[in-house]
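The values are calculated or read from the model by the stated rules, or taken from the named source; none is laboratory data. Keep in mind it's a predicted model, so treat the numbers as computed, not measured. Positions of Cβ are generated from backbone atoms using ideal geometry, with glycine treated the same way; all protein chains shown enter the neighbour counts. Just the protein is used for accessible areas: all its heavy atoms, side chains included, with ligands, DNA and RNA removed. Shrake-Rupley method; radii C 1.70, N 1.55, O 1.52, S 1.80 Å.
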Amino acid sequence: MSPTRVLTGITTSGTPHLGNYVGAIRPAVAASRDPGVESFYFLADYHALIKVQDPARVQRSTLEIAATWLACGLEPDKVWFYRQSDVPEVQELTWFLTCVAGKGLLNRAHAYKAAVDKNRETGEDDDAGVSAGLFMYPVLMAADILLFNANKVPVGRDQIQHIEMARDIGQRFNHLYGEPSGQTFFALPEAVIDENVATLPGLDGRKMSKSYDNTIPLFVPRETLKKLIYSIVTDSRAPGEAKDADNSNVFQLYQAFASNEETAAMRKAFADGIAWGEAKQALFERIDREVAPLRERYDALIAQPAHIESVLRDGAKRLRERYARPTLDTLRAAVGLRDLSQVQSTHAKKAAKTAAPTFKQYREADGRFYFKLVDGDRVLLQSAGFDSARTAGQLIGRLKQEGGAALRQVEANAVHLGEELIAHLHEGVELTEVVEALAQFAAEDA
């Protein structure tokens, strides 16, 4: 079975803090090691521009977040790790989706509605201070997801609506351009809400958030970390007086880093009246024990911005070759942005009443089974060899059924179906020609 594709975007608008680490980074890095998952992690710097107009801040945040994920154990050779702005196909797909997304759907986006409601409360025009970027945010997010046919997208509850909108937009595109052939261009993503992920309290007891200015940055120096932890708000209960662990910010933070045994011991200490200073010292030591080796790697990485740049560019380059470019080739052909000489050639062939494209399956002297896609006397696609006729026949069936959306062109002429190298484009053949030929099979079936 094909691996499940899981996609996570990280907006480059701030410095990672303990809440980000516990709630997103740590579980995502652990999940990336699942052999049944193909993981996509991207730095959403286009999204950052919607709310941040400080170029230096965007650049610095991009560096800090990339270094953080790498320091925390993300392996760029085993996952797709890239910067959104290094994949121009995202923007091209955004325009394709913009042309099919209904304005009424975008009017219902929570962020836009909240801005409009705030303007109405103050007597302003509905759209005062609302940028087109904010309004179009859901379409850009849909392009991020649909470009790679992500199956699952881990998000907070406030982002569920955006996943639903991505499904609506993708389904609309499938309907408009997949008929009458029945071709499906986009898989419809599902939002993933992890109820077990901890939400950490900040210094003042509210949810740890940059907007509340109550965060504990993840990789501050050891002494700064200690100072921040000692500034956490607590109640006035004295040493020796039992304390309520479940309603304590100190205990909740400790629990997010401690083992079950450590947590149980701390709960007992709270019941026995541990002093707040002693509890905060234990919290500092527990957090620092986990963070210190990560901090050391982070400091080494942040001092090598050129290395991080090369990691991101390499990830984007490989991703574009593997997925983004072939997908956009298919989509451009679907919407009609096609090579005019190929259209003329197609009309000439129809006028001459040449035969429709067909697959030919055969066995060579090496004992292996092959197939090729031909259009008249012209070979479009030549397969690799397979051990059985059944395998070759099954691949032909998939190509007929799934059409160009199934193809993945990795190098100049190497064509993959999912993960498997199946064929090569014949010399002088464009991928769009193969896509159009395959679409004819789907049309005939319909």
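Separation of region 44-123 and region 282-325 by C-alpha centroid, Å?
Taking the Cα centre of region 282-325 as reference, the centre of region 44-123 is 20 Å away.
Using the Kirkwood radius over Cα pairs, work out the Stokes-Einstein diffusion coefficient for region 8-163 at 10 °C and 1.306 mPa s, in µm²/s as a whole number.
Numbers: Rh = 16.9 Å.
It diffuses with D of about 94 µm²/s by this estimate.
How much area per residue is accessible in region 35-194 when the probe is 1.4 Å and only protein heavy atoms are counted (Å²)?
46 Å²
Stokes-Einstein diffusion coefficient for region 208-306 at 20 °C in a medium of 1.002 mPa s, Rh from the Kirkwood formula over Cα pairs: what value in µm²/s?
Values: Rh = 14.6 Å.
Roughly 147 µm²/s, to the nearest whole number.
Once neighbouring chains are kept in place and the probe is 1.4 Å, which whole percent of the accessible area of the chain is contributed by carbon and sulfur?
Details: 10950 of 22000 Å².
The computed percentage sits at 50.
Putting +1 on Lys and Arg Cβ atoms and -1 on Asp and Glu Cβ atoms, find which of 328, 258, 239 reaches farthest to the positive end of the dipole of the chain.
The Cα lying farthest towards the positive end belongs to 328.
Roughly how big is the chain's charge dipole about its Cα centre, with Cβ charges of +1 (Lys, Arg) and -1 (Asp, Glu), in debye to the nearest 20?
Here the chain has a charge dipole of around 300 debye.
Given Cβ point charges of +1 (Lys, Arg) and -1 (Asp, Glu) and nothing else, what value in debye, to the nearest 20, does the dipole of region 215-312 about its Cα centre take? Please report the intermediate quantities before stating the final value.
Details: 12 positive and 15 negative charges, 24 e Å.
My answer is approximately 120 debye.
What lysines sit close enough to residue 317 to cross-link, taking a C-alpha to C-alpha distance under 18 Å and skipping anything fewer than 8 places away on the same chain?
78
For the chain, take the longest principal axis of its alpha carbons; what is the angle in degrees between that and the long axis of helix 431-445, to the nearest 10 within 0 to 90?
80 degrees
Any lysines with Cα under 28 Å of the residue 210 Cα? List them, leaving off those in the same chain fewer than 8 positions away.
Here the lysines satisfying the reach criterion relative to residue 210 are 51, 113, 118, 152, 226, 227, 280.
Which one of 431, 134, 331 has the biggest mean-square fluctuation once the chain is modelled by GNM with Cα springs under 10 Å?
So, out of 431, 134, 331, the one fluctuating most is 134.
Mind putting a number on the dipole of region 155-289 about its Cα centre? Charges go on the C-beta only, +1 for Lys and Arg and -1 for Asp and Glu, and I need it in Debye to the nearest 20. List each step's numbers first, then the result.
On the way: 16 positive and 20 negative charges, 74 e Å.
Dipole size: approximately 360 debye.
If you fit an axis through the alpha-carbon atoms of helix 110-121 and take the longest principal axis of the Cα set of the chain, what angle between them do you get, 0 to 90°, nearest 10?
Once rounded, one gets 60 degrees.
In nm², what is the average projected area of the convex hull enclosing the Cα atoms of region 158-255? Mind dumping the intermediate values first?
Working: hull surface 38.9 nm².
Hull-based average projected area comes out at 9.7 nm².
Put +1 on the Cβ of each Lys and Arg and -1 on the Cβ of each Asp and Glu in the chain; which of 283, 27, 376 then has its Cα farthest toward the positive end of the dipole?
The residue sitting most towards the positive pole is 376.
Rank 96, 365, 6 by how far each Cα sits towards the positive end of the charge dipole of the chain (+1 on Lys, Arg Cβ; -1 on Asp, Glu Cβ) and give me just the farthest.
365
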